[in-house]
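Report on the structure given below.
Derivation of every value follows stated rules applied to the coordinates shown; laboratory data play no part. Only a predicted model underlies this, so the values are computations on that prediction, with no experimental measurement involved. Cβ: placed from backbone, ideal geometry, glycine included. Neighbour counts: every protein chain shown.
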Amino acid sequence: MNPAANLILVGPTGAGKSCIGRHLAGQYGLRLIDADEAIEQRAGASVAAIFEAEGEAGFRARERAALAELLVEEGLLLATGGGAVLDPDNRQLLRARGFVVHLDVSRSQQLERLADDTGRPLLQREDRDAVLDAMAIQRAPLYAEVADLRFDTDGLGIADAAAQLAGHLDRQWQRGDSL
């Protein structure tokens, strides 16, 4: 068991981090922070606009700074972006500052959930399936590295996924204070 003051959700795009996070934040009395939304607020621009102007490297630098700033706090439910685990410093920070849940999802479910999505720059290509496969190969071991718990959201609606995950959290996560 990893006693932690923060609950952190990591996982691939379309796994349900933000949606499930909304349900869990209220249940556990945590303040929900969507990392991508926080980056957008700080930059005054959308993730897509940041990618266009600064490239992925520029976005990742902003992501690293935002995570470092946010995770000084306690009592958060942080829904990270799918690529947050790419940076070794981010992985260390996530592990040190929270109980990390890896929300996982199958490729077919990702494609279904993201079919109409136009806001994710890395997926604005015809070969989404190949892009998602490449991301999974690169990122899956990194999600496993930081996770205290892995939870599969395949075939579950948001409310059911949140309820089932809460059951696991009640058994495996002891909320700590002042870490």
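General remarks:
- Packing-based ranking, highest mean first, of 76-82, 16-22, 126-132, 143-149 given that Cβ atoms within 10 Å are counted: 76-82, 16-22, 143-149, 126-132
- Direction-averaged projected area, Cα convex hull, region 7-168: 8.7 nm², rounded to one decimal.
- Average Cα contact separation per residue, the chain, under 8 Å, 6 or more apart, as relative contact order %: 39 percent
- A Förster distance of 25 Å, applied to the separation of the beta-carbon atoms of Glu145 and Val72, puts the FRET efficiency at 0.65.
- Helix-only CD estimate at 222 nm, as mean residue ellipticity for the chain, using -39500 (n - 2.57) per DSSP H run (n ≥ 4): -17000 deg cm²/dmol
- A straight chain from Glu112 to Asp127 at 0.36 nm per residue would run longer than the Cα-Cα distance by 4.0 nm.
- Of the DSSP H helices in the chain, those whose Cα atoms cover at least 18 Å axially and whose Kyte score averages -0.5 or more: 47-70, 128-146, 158-172
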